[in-house]
Amino acid sequence: MYGLIRIHFTMFEKMLHQAMQNCIYLMLVMKALYTYSNYFAGLIILAALVFIVKSCATPVAPSGGEPDRTGPVVVSTTPENGTTNFSGREVRFTFDKFVDRNSFRQNVSIEPDLGIEFDISFSRRSGVIEFTNPLPENTTIVIQAGTDVTDTNRNRMDRPHVLALSTGDVLDDGVITARVLDAETGRGESGRRVLLYREPFDLAERANYLAISDTSGTVQFGYISEGTYKAFWLNDVNRNRRWDRERERAQPFYVETVTIARGDSVHIGTLFVSTPDTLAPRIEGVGLLSERRLRLRLSEEVEFSHSSNFSVQDTLGNEFTTAWPLYKSDADAEILFAQTETALPESDTFTLQPEGFTDAAGNKLKVDFSPFTGSSEPDTTFLRTFAHNSGSGLFPNEPLEVTYTKFIDDAAVVDSLQIVTGERIIDDWPHVEIERNILRIFPDEAWESGTRYQFRVWNPYEEEREQIEPEIWQRNQLGSIEVTLQNHNPEYLSHLIITDEANSIRIDTTFTTSIEIDNLPPLTYKAKVFEDVNGNGRWNTGSIEPFERPEPYAIRRSIPVREGFTSEVELVYPLNGVEELIPIEIEMSEEEDEIDDIDSDDEQNEDENSGEH
């Protein structure tokens with residue numbers, strides 16, 4: 001019996017050899033294997049060993065303790081960065097932790113694109129790139145591990161890591177840097193791809209160089225040779241370093257080309273990337289909760305006003321009734337509830353025609369569902385309060401709006417309304433309006449300054465009053481923002497959009513050099529501005545072929561407004577033209593430092609808070 005077990009163990013020794021270093025506790029199991037006198041028990045232990053060895057073959061992070069949220073870091077490369085006269089057949093990236101091997105395989109690139117083929121293998125924490133054929137002579141190549149390389153917990157690298165080497169005596173040393181920021185947030189994001197072509201330009205071919213942004217939005221083309229280059233951002237969906245004009249969005253920088261001489265280091269500016277949403281939202285399904293209540297499943301969240309509605313039509317396109325939106329689900333904003341003016345009989349089939357619904361990008365809501373039948377189920381929905389509009393406070397002449405779950409059909413909603421002003425309780429407030437499921441309470445011309453209001457609104461479901469105490473912004477509590485432009489052309493209007501963090505306040509206006517926006521509650525705001533060169537009221541992001549530079553754009557996050565003060569904000573448009581490229585110094589070391597302060601104008605636009613006076 002022992003002999004049989006030992007035979008199995010001998011066959012298994014080779015499998016144990018590579019796992020021995022990572023799985024020391026296997027020795028205990030092996031010892032137990034020899035103590036068993038039962039053949040079948042031995043087989044069970046043998047199966048357990050197979051499972052353990054298989055597990056040990058795939059490195060995983062240890063369990064327990066605080067979750068690991070840091071990405072992998074390259075701690076060394078072989079050979080060292082900057083090596084010349086390289087004649088080897090492989091290079092090695094060693095990380096501070098185990099990496100996901102598929103992510104490494106998929107995110108290694110060689111610059112420039114010379115068709116160099118390679119294989120990838122692994123040795124513990126190192127990724128090994130082995131060249132299939134000898135490298136071209138007297139050539140500088142850069143092997144890059146991109147930011148999509150992750151560890152076993154799916155944490156991404158903060159920035160790409162490059163290893164530059166030359167097969168000759170000289171290492172090319174030209175550097176081009178840029179910054180790619182999100183136009184909506186003003187923030188950088190790792191993983192954005194910028195293509196660089198060397199003259200003569202053939203954009204139908206693969207780009208000569210590819211750079212990937214780090215978490216600050218910085219991209220860097222290092223170790224490039226002398227020549228004239230064209231750079232642009234590409235949403236490289238198929239990751240083939242080639243612009244698919246039918247499927248992929250691309251944007252140019254403010255300069256069409258840049259010429260690099262030996263030793264040059266230039267910064268070609270900041271590009272604000274906009275990925276416009278051109279996909280229309282859709283009604284994907286309609287469910288009848290009762291003969292008058294609809295539950296709509298949408299493909300994305302939509303916006304609507306008090307006049308938005310659905311024309312309920314029969315299958316011949318004849319209007320049967322109108323349905324009005326009530327509210328979006330708290331749990332899922334893509335669920336919208338609506339109520340019809342008249343019941344929908346279960347003997348008939350209907351469809352909807354939306355009017356006045358759009359997504360955040362302004363795309364109109366469309367229908368994408370099969371016709372639905374009516375219902376004989378009576379509407380038993382309880383009338384209750386759902387939301388109100390005072391989250392960011394009310395202006396002196398702004399009404400309080402309370403949203404209910406259905407059309408208001410209970411006279412107690414008005415009859416039981418109380419408004420408390422100081423010590424006084426008013427039971428018969430005269431300025432009240434009901435519009436379907438909305439209760440509006442208007443002021444006497446304006447809410448009185450210095451008075452604290454409490455609105456006691458009737459909730460029929462709870463059979464009690466709900467207390468709402470909004471902040472009433474009086475004029476002495478309001479502040480303003482003064483915006484001044486730099487690097488602008490006063491011949492063109494600039495389009496300014498200011499919003500608060502909750503998007504409940506939106507200012508949309510035009511000006512030339514400076515403007516003051518007053519009567520703003522003391523909140524935190526974001527300002528976006530663009531120079532409307534073509535006069536169409538929309539920001540033009542430019543064109544690559546034929547070249548058209550983007551309209552100047554700037555953004556400032558986190559503008560605080562204080563009571564009675566003016567926050568002064570200076571927004572700086574990027575500089576235009578090759579002659580205004582900014583020379584910078586970049587240290588070409590193995591551990592390249594992240595470039596955070598390349599362009600002082602960019603930093604002003606992004607990170608500085610406004611001054612207050």
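The values are calculated or read from the model by the stated rules, or taken from the named source; none is laboratory data. From a predicted model like this one, the values you see are computed outputs, not experimental measurements. Virtual Cβ from ideal backbone geometry, glycine too; neighbours counted across all protein chains shown. Each accessible area value is taken on the protein alone, full model and side chains, heavy atoms only, with ligands, DNA and RNA left out. Shrake-Rupley method; radii C 1.70, N 1.55, O 1.52, S 1.80 Å.
For this structure, a couple of remarks:
- Among residues of the range 395-420 that are farther than 22 Å from Gln474 by Cα and in contact (Cβ under 8 Å) with a residue 60 or more places away in the chain, those with a Cβ under 9 angstrom from a residue that is open to solvent by 30 Å² or more (accessible area, probe 1.4 Å) and among the small types (Gly, Ala, Ser), sequence gap 6+ or separate chain, pair up as Thr403/Ala387.
- If you go through the range 146-179 and keep only what is touching an Asp or Glu at 6+ places or on another chain (Cβ under 8 Å), closer than 20 Å to Ser76 by Cβ, of a type in the set (Gly, Ala, Ser) and not in a strand (DSSP E or B), you end up with nothing.
- Residue count for the range 129-164, restricted to those that are touching a Gly at 6+ places or on another chain (Cβ under 6 Å), free of Cβ contacts under 8 Å to residues at least 60 places away in the same chain and open to solvent by 60 Å² or more (accessible area, probe 1.4 Å): 1.
- Among the residues here, Ile110 does not qualify as part of a strand (DSSP E or B), surrounded by 13 or more Cβ atoms within 10 Å (Cβ to Cβ), at pLDDT 95 or above and touching a strand residue (DSSP E or B) at 6+ places or on another chain (Cβ under 9 Å).
- The single condition among (1) within 23 Å of the chain's Cα centre (by Cα); (2) part of a loop (DSSP other than H, G, I, E, B); (3) not small (Gly, Ala, Ser) that Arg262 does not meet is (1).
- Beta carbons closer than 6 Å, at least 6 apart along the sequence or on distinct chains, pair a first residue in the range 536-547 that is in contact (Cβ under 8 Å) with a residue 60 or more places away in the chain with a second that is in a loop (DSSP other than H, G, I, E, B) for Trp539/Glu551; Thr541/Ser274; Thr541/Pro550; Gly542/Arg549; Gly542/Pro550; Phe547/Glu256.
- Selection count where residues are part of a strand (DSSP E or B) and either without any contact (Cβ under 8 Å) to a residue 24 or more places away in the chain or more than 25 Å from His306 (Cα to Cα) (or both), scope the range 434-453: 1
- Test result for Leu478, touching a residue at least 60 places away in the same chain (Cβ under 8 Å) and closer than 20 Å to Pro399 by Cβ: yes
- Matching residues in the range 159-185 - criterion: being basic (Lys, Arg) and more than 23 Å from Phe95 (Cα to Cα): Arg179
- Restricting Ile515, Ile498 to those that are open to solvent by less than 40 Å² (accessible area, probe 1.4 Å), closer than 21 Å to Gly391 by Cβ and modelled with pLDDT of 95 or more reduces the list to Ile498.
- Any hit, the range 387-394, residues being surrounded by 15 or more Cβ atoms within 10 Å (Cβ to Cβ), aliphatic (A, V, I, L, M), within 25 Å of Ser329 (Cβ to Cβ) and within 42 Å of the chain's Cα centre (by Cα): no
- Flag for Glu531 being in contact with a Leu (Cβ under 9 Å, 6 or more places away or on another chain), charged (D, E, K, R) and open to solvent by less than 50 Å² (accessible area, probe 1.4 Å): yes
- Test: Glu423 is charged (D, E, K, R) and within 30 Å of Ala323 (Cβ to Cβ): no
- When Gly317, Gly227, Gly222, Gly269 are checked against the criterion of being modelled with pLDDT of 95 or more and out of contact with any helix residue (DSSP H, G or I) (no Cβ under 6 Å at 6 or more places or on another chain), a single residue qualifies: Gly227.
- Some residue of the range 119-128 being outside any loop (DSSP other than H, G, I, E, B) and either open to solvent by 60 Å² or more (accessible area, probe 1.4 Å) or on the phi > 0 side of the Ramachandran plot (or both): yes
- Considering Gln418, Gln454, Gln474, Gln467, the condition of being closer than 17 Å to Ser390 by Cβ, in contact with a Ser or Thr (Cβ under 6 Å, 6 or more places away or on another chain) and not β-branched (Val, Ile, Thr) is satisfied by Gln474 alone.
- Among (1) over 30 Å from Arg549 (Cα atoms); (2) open to solvent by less than 30 Å² (accessible area, probe 1.4 Å); (3) in contact with an Asp or Glu (Cβ under 7 Å, 6 or more places away or on another chain), the one test that His267 misses: (1)
- Residue match in the range 452-470 (condition: open to solvent by 40 Å² or more (accessible area, probe 1.4 Å) and in contact with a His (Cβ under 6 Å, 6 or more places away or on another chain)): no
Every residue, every condition in (1) at pLDDT 95 or above; (2) buried (at least 20 other Cβ atoms within 10 Å of the Cβ), yes or no:
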| residue | (1), (2) |
| --- | --- |
| Ala280 | no, no |
| Glu291 | yes, no |
| Leu294 | yes, yes |
| Gln353 | yes, no |
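- The single residue among Gly222, Gly227 that is out of contact with any Phe, Trp or Tyr (no Cβ under 7 Å at 6 or more places or on another chain) and buried (at least 22 other Cβ atoms within 10 Å of the Cβ) turns out to be Gly222.
- Check on Arg239, modelled with pLDDT under 95, of a type outside the set (A, V, I, L, M), over 25 Å from the mean Cα position of the chain (by Cα) and in a loop (DSSP other than H, G, I, E, B): no
- Whichever residue in the range 463-520 is assigned to a loop (DSSP other than H, G, I, E, B) and of a type in the set (A, V, I, L, M, F, W, C) and, among such residues, is nearest to the chain's Cα centre (by Cα): Ala502
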